[in-house]
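The values are calculated or read from the model by the stated rules, or taken from the named source; none is laboratory data. Being a predicted model, the structure only gives us computed values, none of them experimental. Don't worry about glycine lacking a Cβ; one is built from the backbone with ideal geometry, like all the others, and counts go over all protein chains shown. Areas reflect the complete protein model, heavy atoms only, side chains present, ligands, DNA and RNA absent. Shrake-Rupley method; radii C 1.70, N 1.55, O 1.52, S 1.80 Å.
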Amino acid sequence: MKSTETIKVVPARYPLRTVGAIVALFVLAAVIQSVAFNPRWEWSVFARWFFDPVILEGLGQTLLLTLVGTVLSVMLGGLLALARLSSSWLLSSLAWGYIWLFRSLPLIVVLIILYNFSYLYDSLAIGIPFTGIEWARYETINVLGQFATAVVGLTLVQSAYTAEIIRGGFLGVDHGQYEAAAALGLPAWRRTVRIILPQALRTILPSGFNEIISLAKGTAMVYVLAMPELFYTIQMIYNRTQEVIPLLMVGAAWYLVITSVLSAIQYLVERWLARSERRSAINPSVYRVAATTHTNHATEPAHAHLS
């Protein structure tokens, strides 16, 4: 006679984990209660200034600086990365020197030097050096205004970091991929764009978006140029109204919005790039089913013949 035994499944308990979660929730609730109900945060002032046209105009300048700085730094950083990867020792050395210089200098120092460039050079000329041939000459003070100085300073510093990120992405691609691409007989630019670059982008994108977020926050440094971007605008307002904390919270909230949007864009771009991996993860099962079906069809006549 067989006896049936019932096995009782007891879920594992983690009391310390539960206690830790409760303490964390308690601390979070205390922080929220303190921030929400402390009248010194002056949330009514925050609400009054958050969508003020002056603040929104400063926000627009910040977004424009971020967009232009990102585009130019990616273009210049890409060229520098290609120069670093070049077999020419001269190009590689010059690119290394540029990256070393602008990664060593603080952004605020670069901005102040550029803003005082007219003190060093009265005019800027386009021509052939050492020959006296010139096609155009401009007064430096008219060329490097506040916005141009901010864009040039942000681009010079940011492109040095971007170049190393792009170079790291290309070096992360397996060398066999280069050999396989070369074996196809495609031109070099097509091998790079169609085969190597999509693989390198998976490594470049996370660090690249980190740098874009840093650039968006770094635009606050151009306050030294008295340019009315978001942070400088807020500074000007709270110097006049003495409502320092609520106005700083306005700036912090807008920077949170900017970084959240950039993080969402990063997520979408990474999902779009990963679609080929998802296809390759799905296709093998399809191939297996097809192969099985083909095998079954192939074996049926044999069984029929044997019977």
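Worth pointing out:
- Flag if residue 194 is open to solvent by 50 Å² or more (accessible area, probe 1.4 Å), basic (Lys, Arg), touching a Leu at 6+ places or on another chain (Cβ under 9 Å) and touching a residue at least 40 places away in the same chain (Cβ under 8 Å): no
- Selected residue (criterion: nearest to residue 80 (Cα to Cα)) from residues of the range 129-155 that are of a type outside the set (Gly, Ala, Ser) and touching a residue at least 60 places away in the same chain (Cβ under 8 Å): 155
- If you go through the range 86-99 and keep only what is in contact (Cβ under 8 Å) with a residue 40 or more places away in the chain and open to solvent by 70 Å² or more (accessible area, probe 1.4 Å), you end up with nothing.
- For the range 223-260, a tally of residues being modelled with pLDDT under 90, assigned to a helix (DSSP H, G or I) and open to solvent by less than 40 Å² (accessible area, probe 1.4 Å) returns 1.
- Pairs, first open to solvent by 60 Å² or more (accessible area, probe 1.4 Å) in the range 116-127, second aromatic (Phe, Trp, Tyr), C-beta under 9 Å, six or more apart: 126/135; 126/138
- Taken over the range 167-218, residues that are of a type in the set (D, E, K, R) and assigned to a loop (DSSP other than H, G, I, E, B) amount to 1.
- For the range 134-144, taking the residues that are of a type in the set (A, V, I, L, M) and open to solvent by less than 80 Å² (accessible area, probe 1.4 Å), the one that is modelled with the lowest pLDDT is identified as 143.
- Close pairs from the range 25-40: first part of a helix (DSSP H, G or I), partner β-branched (Val, Ile, Thr), Cβ under 8 Å, at least 6 apart: 40/245
- Within the range 157-169, being open to solvent by 10 Å² or more (accessible area, probe 1.4 Å) and of a type outside the set (Val, Ile, Thr) holds for 158, 161, 164, 167, 168.
- Put simply, of 7, 112 the only residue that is modelled with pLDDT under 95 and in a helix (DSSP H, G or I) is 112.
- Taking the range 1-46 as the range and being out of contact with any helix residue (DSSP H, G or I) (no Cβ under 9 Å at 6 or more places or on another chain), open to solvent by 70 Å² or more (accessible area, probe 1.4 Å) and closer than 30 Å to residue 237 by Cα as the test, the residues that pass are 31, 32, 33, 37, 39.
- Those residues of the range 145-156 which are open to solvent by 30 Å² or more (accessible area, probe 1.4 Å) and either among the β-branched types (Val, Ile, Thr) or closer than 13 Å to residue 119 by Cα (or both), in sequence order: 152
- Contact map, the range 54-70: first residue free of Cβ contacts under 8 Å to residues at least 12 places away in the same chain and closer than 13 Å to residue 261 by Cβ, second residue assigned to a helix (DSSP H, G or I) and open to solvent by 70 Å² or more (accessible area, probe 1.4 Å), Cβ cut-off under 6 Å, separation 6 or more or different chains; the map is empty.
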